[in-house]
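The values are calculated or read from the model by the stated rules, or taken from the named source; none is laboratory data. Here the structure is a predicted model, which means the values were calculated and not measured. All Cβ positions, glycine included, derive from the backbone under ideal geometry; neighbour counts span all protein chains shown.
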Amino acid sequence: MKIFDLKKQLNNFTAKQRKEDHTIGLVPTMGALHTGHISLVKKALLENDLVVVSIFVNPTQFDKKDDLEKYPRTFEKDIELLKQVSDNIVVFAPTVDEIYEGNVTSESYEFDGLDKVMEGEFRTGHFDGVGTIVELLLRTVAPDKAYFGEKDFQQLQIIRKMAEIKNLPYEIIGCPIEREPHGLAMSSRNERLSKETREEAGFIHTTLQAAQAEFGTKSATYIKDWVKSEFEQHPLFDLEYFEIADENTLTPALKIQNNQKYRAFIAVYADGVRLIDNLRLN
């Protein structure tokens, strides 16, 4: 396994790989790797000769400074985990100065409204930060394919939109959510939960499944009110939002259309940690 912290080093290496007609996959991460990340890496390895895993905690996508400071950093553990997967992995772990070249600011994007709902409503500037770092990584690595988890489904759709408006020639691949045994969507933030809360947090996914079962027979408004009442009765969780939205446009559903695909989105606070999840409804 090779580890690079400079763009020039990485570019020299990937240029040699391309001369040998090797395909390259990219898995962008912020470290604190778990089974969900590894599933992305394994899919990328199946579809490419070489996989670049970036490990970079991106400051421009955090709307709260304390959230950035508390974000887990486990670089040595991450490397050991990746070594167990394959030798055909290259880790790119730049510093903030290396990636941003002294200008730690976000570009402003027009995402056609994808960034104005749900996460965008509660996290000002978050998606501009995501778009900025992903564009920088895509242009640096120039992969054939880049892999992102569907846990951050809104982010996935926004990255696809960014690639479209910037005419980036890289294929964006969405991968299914990996879950802990009790149903909680895998996330680096889960490490900050108490053991009790982590086990109880399966309630989030269970509630999404119940909403899925009601979808098609009950209205979106009815389901949203029901979910809100369920969380009001649960002492460990504070519901930030629950939304049913069109899967492609992320427009909140007022009236269900038969020919559209819908997904339920949720954000919940537990132990002061913000957890998100989603589930396709039809």
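Quick look at the values:
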read-out	value
The listed residue being over 30 Å from Lys42 (Cα atoms) and not hydrophobic (A, V, I, L, M, F, W, C), out of Tyr269, Tyr262	Tyr269
Answer from Gly183, Gly216 - the residue that is of a type outside the set (D, E, K, R), surrounded by fewer than 18 Cβ atoms within 10 Å (Cβ to Cβ) and under 18 Å from the mean Cα position of the chain (by Cα)	Gly183
Candidates Lys16, Lys65, Lys43, Lys8 - the one that is out of contact with any Phe, Trp or Tyr (no Cβ under 9 Å at 6 or more places or on another chain) and more than 24 Å from Val96 (Cα to Cα)	Lys16
Residue within segment 32-46 that is over 20 Å from the mean Cα position of the chain (by Cα) and in contact (Cβ under 8 Å) with a residue 60 or more places away in the chain present	no
Test: Asp87 is assigned to a loop (DSSP other than H, G, I, E, B), among the charged types (D, E, K, R) and either loosely packed, with under 13 Cβ neighbours inside 10 Å or assigned by TED's automatic domain parsing to the domain that holds Phe13 (or both)	yes
Residue identified as touching a strand residue (DSSP E or B) at 6+ places or on another chain (Cβ under 7 Å), in the same structural domain as Asp128 (by TED's automatic domain parsing), touching a residue at least 60 places away in the same chain (Cβ under 8 Å) and within 28 Å of Thr105 (Cα to Cα) among Leu10, Leu6	Leu10
Complete set of residues in segment 90-111 that are surrounded by fewer than 13 Cβ atoms within 10 Å (Cβ to Cβ), charged (D, E, K, R) and within 25 Å of Lys2 (Cα to Cα)	Asp97, Glu101
Residue that is within 28 Å of Arg274 (Cβ to Cβ) and at pLDDT below 95, where the choices are Ala32, Ala44	Ala32
Within segment 112-138, tally of residues that are surrounded by 19 or more Cβ atoms within 10 Å (Cβ to Cβ) and part of a loop (DSSP other than H, G, I, E, B)	4
Strands (runs of 3 or more DSSP E) wholly inside segment 227-282 containing at least 2 residues that are in contact with a His (Cβ under 8 Å, 6 or more places away or on another chain)	273-280
Residue in segment 218-240 that is closer than 22 Å to Arg160 by Cα and at pLDDT 95 or above present	no
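Here's the yes/no breakdown for (1) outside the structural domain of Leu236 (by TED's automatic domain parsing); (2) touching a strand residue (DSSP E or B) at 6+ places or on another chain (Cβ under 9 Å):
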{"position": "Glu121", "(1), (2)": "yes, yes"}
{"position": "Ile133", "(1), (2)": "yes, yes"}
{"position": "Asp144", "(1), (2)": "yes, yes"}
{"position": "Tyr147", "(1), (2)": "yes, yes"}
{"position": "Ile204", "(1), (2)": "no, yes"}
{"position": "Gln209", "(1), (2)": "no, yes"}
{"position": "Thr217", "(1), (2)": "no, no"}
